[in-house]
Amino acid sequence: MGAISISREQLEALVADLVGAGTTVVAPARAERGHVDYRPISSLAEAALGGAMPRRSLKELFLPATEPLLTWRYVQGAVELHEVPTAFSPRVVLGARPCDAAALEVVDRVMDWDYRDELWFGRRKATTIVSLACAEADASCFCSAVGSPPTRRRGRTCCSVRPTAATPWRSSPARAASWPPLIQRASSPPRSR
């Protein structure tokens with residue numbers, strides 16, 4: 001199977017459409033002191049695609065350092081416990097590295113081992129991941145360490161290769177038909193389990 005191409009202009013329009021529909025778009029972006037972090041963007045111009053690796057893992061988007069797990073009230077001598085919502089607004093992660101995306105599958109197994117973490121899986125369900133494959137695997141990168149090439153689709157919805165002046169953005173042909181529904185899926189509420 002061949003690859004389909006998407007121009008930078010089409011990718012810019014996709015990001016604009018997603019943001020316009022109220023979908024959060026997260027991408028590697030410049031932070032303080034020249035670092036790169038995954039953070040929400042409002043246009044493709046803010047993204048730092050194909051540059052330095054983000055400082056922290058993609059996992060941080062699914063497992064925050066702190067968050068409420070429940071709320072409680074003391075009413076007439078009794079404690080009332082209330083669960084927090086486990087459904088989240090749709091979002092798209094654009095430009096995740098293949099190793100970051102694949103690592104989420106490993107954490108999925110941990111989060112569903114003896115107890116299912118509904119907050120983790122709520123965020124996973126609401127998120128579409130479009131990765132940016134590295135042009136080649138470095139000898140010290142995670143992909144090489146686990147024997148998974150950077151173009152493998154583990155953990156993500158679409159796979160892209162690094163753009164150059166001569167090479168347009170590419171997506172795996174198996175997901176080619178997914179681009180229009182990607183906008184619809186990413187902007188519709190997540191379904192319950």
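The values are calculated or read from the model by the stated rules, or taken from the named source; none is laboratory data. Since the model is a prediction, treat every value here as computed from it, not as a measurement. Don't worry about glycine lacking a Cβ; one is built from the backbone with ideal geometry, like all the others, and counts go over all protein chains shown.
Against the numbered list (1) under 28 Å from ASP108 (Cβ atoms); (2) surrounded by fewer than 18 Cβ atoms within 10 Å (Cβ to Cβ), ARG33 comes up short only at (1). Quick check on LEU49: is it of a type outside the set (Phe, Trp, Tyr) and more than 19 Å from CYS134 (Cβ to Cβ)? It is false that LEU49 is of a type outside the set (Phe, Trp, Tyr) and more than 19 Å from CYS134 (Cβ to Cβ). Of all residues in the range 59-69, none are at pLDDT 95 or above and of a type in the set (S, T, N, Q).
Do we have any residue at all in the range 83-90 that's modelled with pLDDT of 95 or more, assigned to a strand (DSSP E or B) and under 18 Å from LEU119 (Cα atoms)? Among the residues of the range 83-90, not one is modelled with pLDDT of 95 or more, assigned to a strand (DSSP E or B) and under 18 Å from LEU119 (Cα atoms), which makes the answer no. Can you tell me which condition ALA29 does not meet? The list is (1) free of Cβ contacts under 8 Å to residues at least 24 places away in the same chain; (2) out of contact with any helix residue (DSSP H, G or I) (no Cβ under 8 Å at 6 or more places or on another chain), and all the others hold. Of (1) free of Cβ contacts under 8 Å to residues at least 24 places away in the same chain; (2) out of contact with any helix residue (DSSP H, G or I) (no Cβ under 8 Å at 6 or more places or on another chain), only one is false for ALA29: (2). Which ones in the range 112-131 are outside any helix (DSSP H, G or I) and either touching a residue at least 12 places away in the same chain (Cβ under 8 Å) or at positive phi (or both)? Answer for the range 112-131, where residues must be outside any helix (DSSP H, G or I) and either touching a residue at least 12 places away in the same chain (Cβ under 8 Å) or at positive phi (or both): THR127, THR128, ILE129, VAL130, SER131. In the range 45-99, the qualifying residues are those that are among the aromatic types (Phe, Trp, Tyr) and over 22 Å from the mean Cα position of the chain (by Cα), and the one that is farthest from ALA16 (Cα to Cα) is TYR74.
VAL79 falls short of the stated requirement of being modelled with pLDDT of 90 or more, out of contact with any Lys or Arg (no Cβ under 8 Å at 6 or more places or on another chain) and not in a loop (DSSP other than H, G, I, E, B).
Say whether the condition of being surrounded by 10 or more Cβ atoms within 10 Å (Cβ to Cβ), under 22 Å from ARG123 (Cβ atoms), in contact (Cβ under 8 Å) with a residue 24 or more places away in the chain and in contact with a Ser or Thr (Cβ under 8 Å, 6 or more places away or on another chain) is met by at least one residue in the range 52-62.
To start, the set of residues in the range 52-62 that are surrounded by 10 or more Cβ atoms within 10 Å (Cβ to Cβ) comprises 52-62.
Now restrict to residues that are under 22 Å from ARG123 (Cβ atoms): 53-62.
Retained after the next criterion (residues that are in contact (Cβ under 8 Å) with a residue 24 or more places away in the chain): 53-55, 57-59, 61-62.
Add one more test, that the residue is in contact with a Ser or Thr (Cβ under 8 Å, 6 or more places away or on another chain), and what stays is 61-62.
Within the range 52-62, one or more residues are surrounded by 10 or more Cβ atoms within 10 Å (Cβ to Cβ), under 22 Å from ARG123 (Cβ atoms), in contact (Cβ under 8 Å) with a residue 24 or more places away in the chain and in contact with a Ser or Thr (Cβ under 8 Å, 6 or more places away or on another chain).
The single condition from (1) assigned to a strand (DSSP E or B); (2) surrounded by 12 or more Cβ atoms within 10 Å (Cβ to Cβ); (3) of a type in the set (Val, Ile, Thr) that THR71 fails is (2).
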